[in-house]
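The block underneath contains the structure these notes are about, expressed in structure tokens.
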Amino acid sequence: MTDGYRESGQSRADLLRECRRRGMRAPKLAVGDGALGFWKALREVFPKTKEQRCWRHKPANVLAVLPKSTYSGAVAAMGDLQRRGRRQGAGGDQGFARDYGAKFPKAVSEIVDAADVLLEFYNYTAEHRIHLRPTNPIESTFATVRLRSRVTEGPGCRAAGLAMAFKHRGR
């Protein structure tokens with residue numbers, strides 16, 4: 001853990017370089033949301049690491065550009081794409097594009113433009129896939145920190161921020 005500036009690519013690259021300096025080898029796969037700073041830093045420090053975009057965040061991005069009346073169909077179509085993925089080969093995202101492309105091109109581009117990194121998890125064994133799609137391990141770890149930060153309107157200082165991050169539940 002280190003200090004950094006929000007989604008800064010430089011802050012993230014500094015952290016990854018420090019991890020590498022301390023002996024971390026390049027990960028085979030990184031799972032994350034659309035945090036551009038992280039992906040830029042990862043490509044700089046560990047260029048051979050593959051990318052998997054989060055299947056919890058992507059639907060939220062897609063739904064944000066759709067009217068509410070289309071949500072249930074869009075969620076079902078994204079789930080279908082996620083389940084079929086590589087079995088349909090390249091272009092498995094075409095069903096979503098066909099159903100939503102005429103009226104909602106921005107929603108379709110959210111999926112089509114990211115199809116390779118959304119379906120990267122299919123390149124790994126079935127037993128690992130369930131763990132590779134979402135960023136839940138990361139999100140759940142920091143959910144408590146996020147809650148504490150909201151209640152106190154930020155940590156106030158570095159020491160308080162570290163205390164929030166490392167305070168255990170129930171103690």
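Numbers for the structure displayed
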item	result
Directionally averaged projected area (convex hull, Cα atoms, the chain), nm²	12.6 nm²
Average accessible surface area per residue within the range 1-116, 1.4 Å rolling probe, Å²	63 Å²
Mean residue ellipticity (222 nm) of the chain, computed from DSSP H runs ≥ 4 via -39,500 (n - 2.57), nearest 500	-16000 deg cm²/dmol
Reachable aspartates and glutamates from Lys28, criterion Cα separation under 12 angstrom, eight or more residues apart if same chain	Glu51, Glu120
The chain, relative contact order [Cα under 8 Å, separation at least 6], %	20 percent
Given Lys58/Lys103; Lys68/Lys106; Lys50/Lys106, the pairs whose alpha carbons are separated by over 21 Å	Lys50/Lys106
Residue with peak Gaussian network fluctuation, the chain [Cα springs, cutoff 10 Å], from Ser149, Ser69, Ser109	Ser69
Only Lys, Arg (+1) and Asp, Glu (-1) charged, at Cβ; the chain dipole about Cα centre in debye	500 debye
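The values are calculated or read from the model by the stated rules, or taken from the named source; none is laboratory data. The shown structure was predicted, so the numbers you read here are calculated from the model rather than taken from an experiment. Here Cβ is always computed from backbone atoms with ideal geometry, including for glycine, and neighbour counts include all displayed protein chains. Each accessible area value is taken on the protein alone, full model and side chains, heavy atoms only, with ligands, DNA and RNA left out. Shrake-Rupley method; radii C 1.70, N 1.55, O 1.52, S 1.80 Å.
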